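Asks: Dropping the structure in here first, questions after.
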Amino acid sequence: MTTEQVDHRVAAPGRSNLDPAVLAGAEAFARTWATAVIGSSYVPMTRAEVAEHLRALTEVLVHALHATPFRTAPGYEIGARLVEAHFTGTDTLGRTIQLLGDDLLGELGIAPDELMRSRLAALQGALSAGYARALRERTLAEQEAIRAAVLDARDQAEAALRASEARFRAMFTEAAIGIGIADIEGRILDVNQALQEMLGFSVEEMRQYNIRDLMHPEDGSTVWRLYDQLTAGECDHYRAEKRFRRADGEQVWTHLTLSLVRDDHGEPQYQVAMIEDVTDRHLLQNRLRYQALHDPLTGLPNRALFLERLGRVFNNRARRRAGLCYLDLDGFKVINDSLGHDIGDQLLVEVGRRLDHSVSGDGKLVARMGGDEFVILVEGSRDTQDIVDVADRVLRELESPIRIGGHELTVSASIGIVERELSGTTAADLMRDADITLYWAKADGKSRWALYDPDRNAKEVARFTLSATMPAALERDEFYVDYQPLVRLEDSTVVGVEALVRWQHPEFGRLAPDRFIELAEETGLIVPLGRWVLRRACRQARRWLEEFGEAAPFVSVNLAVRQSRDPELVRDVKRILDECALPPHHLQLELTESAVMGTADEPLEALRALSDMGVRIAIDDFGTGYSNLAYLKHLPVHELKIAGSFMEGLRAADEEDAVDVQIVSTLVQLAHALQLGVTAEGVETPAQAKRLHRIGCDTGQGWFFAKPMKPADIDELLRRR
Amino acid sequence: MDGVERPVWAPGDIDLSRPSIARVYDYWLGGAHNFAVDRAVGDKVIADVPVLRSVILNHRAFLRRAVRYLLAHGIRQFLDLGSGIPTVGNVHEIAQSVDPTARVVYVDIDPVAVAHSRAILTGNELVGVLQTDVRDARAVLDSPEVRDMLDFDQPIAVLMVALLHFVPDAEDPAGVVAAYRDVIPAGSFLAVSHAGHEDGEWDPAWDDAKGLYNRGVSPITYRDRSSVESLFKGFDLVAPGVARLPLWHPESPDDLGDDATHFIGYAAVGRKP
């Protein structure tokens, strides 16, 4: 510290001139002086150093006392030196002055005469003045130094603050993110360059605005509710997706973070908005969402969007009713396979365009569900007719041919329609029923619409239930066989029995064949079921053979079309006959006209093989189909069963229908001409039986003789003879 | 921010309406680097607890003795933490009077004290001044002032004179010491003077002093001998170990007052092995 660096030791001028006794006295005085002042001021010296310092000053004093001419300047100098050595405690001066007066002359051995007293007093005065002046100067200098230090420190602090402000200003100005500051009333105070560019307004223009002027009509309600909460000091910041209108009228999608700045008392003071332009991201999201919800080929809404809309219809319940047209092109696969996928795709595009064109409007949605399936949703339909009108319009729209790549294509569509009240149904119900109904429209002949019918559906459901449970029912032995006698009209002898399968259904009770045979044909179960009936009937026939010998009846078993075409048929029949040890002529197989006539060669060969084996072949329900009579001659057939419908005219006791009688007579003559037997079905009255006998019919079957019955009842019948 | 009382030595605004511990010390040492508010506090403290004046002079005298001791043991680099306002008898004056190439870095948190130090040290190339909270050892040790001035391959004396009693236990004074200890090389020294007394010793004036400090200057924590000793973990204490402040290497038996053996404060110097 240059200003404070002083030489504390005053060089003793002419020390050697002094008397050794005086020097010793001076040294003794200096020690006393040191003891008196130590502790009165802080000086950076040891006690010994202090004593040495004061000894030097004492020697100056001694010289001054004796100097000629006498000068007070050394006294003044000593005062100043004390201050320089940092004897700044004023007690130091007091003690020094007192000690000088009390002890100095005595210690030095100087006679305290008038002159010396006077000189000492003058030196004391000068020392005091020198001390006071030096202390004053030192004090002023130090005060100035500390004030300068304060100013320096302030300058530095301000410079740091300015640098910090400049940094923050630069950050605000240069930030790539938009930043805006507004007061708590929403008056915009400042916006940075990024925000000006984002919104297309200058700072001056922005300052004219209130935050609320930036409200966008499509802002979510939460944006402004949170804003109110923030300005009320209830929340400190929030984030939101928000749109702004640019100066040029375009809109900017942004990610907004609004923060509250509070004053020192915690009161809301400013709000700071950080705004990031996410328009590109938003557009991309929109595009991705559009792509996710639309069919790329036709541009129509896809299944996902359709299901979303349908779900919304049910969630909102703003409308009471709704309808669906579920549409499928007829024969699209053929077009696709024959003309190629490219043509198929163009066809779908055109169909989509026509559909969209024909049903556009509020509350209506056309969607492509995939492949050649489309669906039309009509929200808020008044009644079913509304949807039927839509379906008619669509069918009409599709009537005109579609030209694609030189092809003129005619397409038609089948449409399933469901329209109903929303309460009590679900989106899934609606979809399923529309799908079922579309299937009906297809089954009913295509190029048409079908309306959902709950009764039809119930029946189908029942049919489905039956067909689904049939395989298990066969396993569980829920089927059984009844037998209806075939009676020789000549002598009323039971010559045969027709095996009739029944289903003892655990839920629906006893079911006649008309309830399930057709189903079994559809599902293919008819083959195992028929085989089961055949085996059961053959076993029964064997038992009758054992009990009644030659009087035992043959069994007549119905053969479904599908069975007749089963390549295993001949082998199955042979195996069963072998198993049961039943002579083949105890078995008759009944086939319908169409099964026999309409067949290709193979089944015919099977029939011939069976016939050769000795099995009887009968044509069931003869006369109801279109038999090729010329062909009949070549068939391996033994018996014709005339359909019960011809028996109507022969029924009444008193009167007969001449046409029916003539037909039956002709059929009998025909059969006999071909050397075939004739069985009349549906014989219900004695008159019928009598007339049939008269006409020449061989055998009768019907309630007049017996209803279908249990094997045991047949036993009874046979024994009664 | 509001509601939390800012300690007077905290940096930030230069608020002349508050006393500064550096300026109050200067006043007590007879300097005029102070303002009315500092003198008012200084006068009140001394009026209420006259013994404090001697305490303060003793800490300052210890600094002088410690620096001379360290110079005698070959130390030529000093890091004076909590240096305050350079009044007289500063470390660089003592050190450079022995070896003009001795280097010193003064560190204080008081921006005015630091500004003043800078002003009077202008031109002294071997002295650095740093305004930082000395409790943040990392900031001190990583500062250019320290890095440029001190050679960490040579022994360094770290001076904590009348400093650590202003660091309460909650702020981990031992941790502060350790942070410096871990960086200085072997052969370095630590010099500490610290207000405190033993259990069972009690003088009403000490409580008064504590109360005054806590209210007017800065909260003070008295520590006993063993607590002061524990601050020297990782150092070998030089004789006489932790001593009453006036009794640590007194320059002369005459320097010792009547209160030396129960002086309210300790001093010690340790060497990092």
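Values quoted throughout were computed directly from the atomic coordinates according to the rules given, and no laboratory measurement underlies them. A quick note: this is a predicted structure, and the numbers were derived from the prediction, not measured. Note that each Cβ is placed from the backbone with ideal geometry, even for glycine, and that neighbours are counted across all protein chains shown.
Asks: Between segment A:68-96 and segment A:22-51, how many Å separate their Cα centres?
Replies: Taking the Cα centre of each part, segment A:68-96 and segment A:22-51 sit 14 Å apart.
Asks: Which FRET efficiency value, to the nearest 0.05, do you get for A:Arg312 and A:Trp532 by plugging their Cβ-Cβ distance into 1/(1 + (r/R0)^6) with R0 = 60 Å?
Replies: 0.65
Asks: Moving on to the next point. Within 10 Å of each candidate Cβ there may be at most 14 other Cβ atoms; applying that plus a DSSP loop requirement, which chymotrypsin sites (Phe, Trp or Tyr not before Pro) in segment B:160-224 survive?
Replies: B:Trp202
Asks: Sorted by packing (mean other beta-carbon atoms within 10 Å per residue), highest first, where do A:545-554, A:410-419, A:688-697, A:292-301 land?
Replies: A:410-419, A:688-697, A:292-301, A:545-554
Asks: Let me spell out the model: positive unit charges on the Cβ of Lys and Arg, negative unit charges on the Cβ of Asp and Glu, origin at the Cα centre of the protein assembly as shown. What dipole size does that give, in debye rounded to 20? Display every interim value, and only then the final one.
Replies: Numbers: 109 positive and 153 negative charges, 131 e Å.
My answer is approximately 620 debye.
Asks: Pop out the ³J(HN,Hα) list for segment B:136-149 in order, Karplus 6.51 cos²θ - 1.76 cosθ + 1.60 with θ = phi - 60°, rounded to Hz; leave Gly and Pro as x.
Replies: Each residue's phi maps through the Karplus curve to give 8, 4, 4, 5, 5, 6, 8, 5, x, 4, 6, 5, 6, 8 Hz.
Asks: Within a 10 angstrom radius of the beta carbon, how do B:Trp28, A:Trp532 rank from fewest other beta carbons to most?
Replies: Fewest-to-most Cβ neighbours within 10 Å comes out as A:Trp532, B:Trp28.
Asks: Something else now. Rounded, prolate or oblate: which fits chain B when a ≥ b ≥ c are the square roots of the eigenvalues of the alpha-carbon gyration tensor, with rounded for a/c under 1.5 and prolate only if a/b beats b/c?
Replies: Because its axes are fairly even, with a/c under 1.5, chain B counts as rounded.
Asks: I've got another one for you. Pairs to check: A:Lys364/A:Lys446; A:Lys446/A:Lys707; A:Lys641/A:Lys710; A:Lys633/A:Lys707; A:Lys459/A:Lys574. Give those whose C-alpha atoms are more than 31 Å from each other in this structure.
Replies: A:Lys446/A:Lys707; A:Lys633/A:Lys707; A:Lys459/A:Lys574
Asks: Please compute the length gained on full extension between A:Leu189 and A:Ala304, using 0.36 nm multiplied by the number of residues separating them and subtracting their Cα-Cα distance.
Replies: Contour length minus the Cα-Cα distance gives 36.6 nm.
Asks: Work out the mean other chain Cβ neighbour count within 10 Å for the residues of B:115-121 and drop it here as an integer.
Replies: 6
Asks: May I pose another question? Label point 7 Å out from B:Asp148 along Cα-to-Cβ: which residues of segment B:58-100 have amide N under 14 Å?
Replies: none
Asks: I would also like to ask the following. Normalised by the residues of chain A, what does the relative contact order come to in percent, with Cα pairs under 8 Å and at least six apart?
Replies: 6 percent
Asks: Then there's this: Say each of A:Thr425 and B:Asp99 gets a label point 7 Å from the Cα, pointing the same way as Cα to Cβ; how far apart are those two points in nm?
Replies: That separation, rounded to one decimal, is 10.4 nm.
Asks: Within a 10 angstrom radius of the beta carbon, how do A:Phe29, B:Phe152, A:Phe464 rank from fewest other beta carbons to most?
Replies: With the sparsest Cβ surroundings first, the list reads A:Phe464, B:Phe152, A:Phe29.
Asks: So if we plug the beta-carbon distance of B:Leu237 and A:Glu218 into 1/(1 + (r/R0)^6) with R0 = 56 Å, what FRET efficiency do we get, rounded to 0.05?
Replies: Efficiency, rounded to the nearest 0.05: 0.15.
Asks: With no solvent and one equal point scatterer per Cα, compute the Debye intensity ratio I(q)/I(0) for segment A:475-715 at 0.10, 0.18 Å⁻¹ and report its log10, rounded to two decimals.
Replies: -0.46, -1.50
Asks: R0 = 30 Å: FRET efficiency of B:Asp224 with B:Asp133, Cβ-based, nearest 0.05? Numbers along the way, then the final one.
Replies: Details: r = 26 Å, r/R0 = 0.87.
Calculated value: 0.70.
Asks: Rounded to the nearest Å, what's the spacing between the alpha carbon centres of segment B:184-241 and segment A:428-469? Just the number, please.
Replies: That distance is 98 Å.
Asks: Could you tell me which Cys residues in chain A have no other cysteine's Cβ under 4.7 Å from their own Cβ, answering none if every one has a partner?
Replies: A:Cys235, A:Cys325, A:Cys697
Asks: Further question on the same structure: What average number of partner chain Cβ atoms lie no more than 10 Å from the Cβ of the residues making up A:36-44?
Replies: Per residue, the number of nearby Cβ atoms from other chains is 5 on average.
Asks: In whole Å, what is the distance between the alpha-carbon centres of segment B:120-138 and segment A:148-204?
Replies: Value for the Cα centre distance between the two parts: 32 Å.
Asks: Counting other C-beta atoms within 10 Å, which of A:Glu648, A:Glu250, A:Glu52 has the fewest, and how do the rest follow? Write down the numbers at each step before the final one.
Replies: Working: A:Glu648 13, A:Glu250 10, A:Glu52 16.
With the fewest neighbours first, A:Glu648, A:Glu250, A:Glu52 line up as A:Glu250, A:Glu648, A:Glu52.
Asks: Just subtract the alpha-carbon distance of A:Glu684 and A:Arg262 from 0.36 nm times their residue separation and send over the number in nm, one decimal.
Replies: 141.4 nm
Asks: Here's another thing I want to ask about it. So which aspartates and glutamates pass the test for A:Lys333, namely a Cα distance under 15 Å, with those fewer than 8 places away in the same chain ruled out?
Replies: A:Asp342, A:Asp345, A:Asp372, A:Glu373
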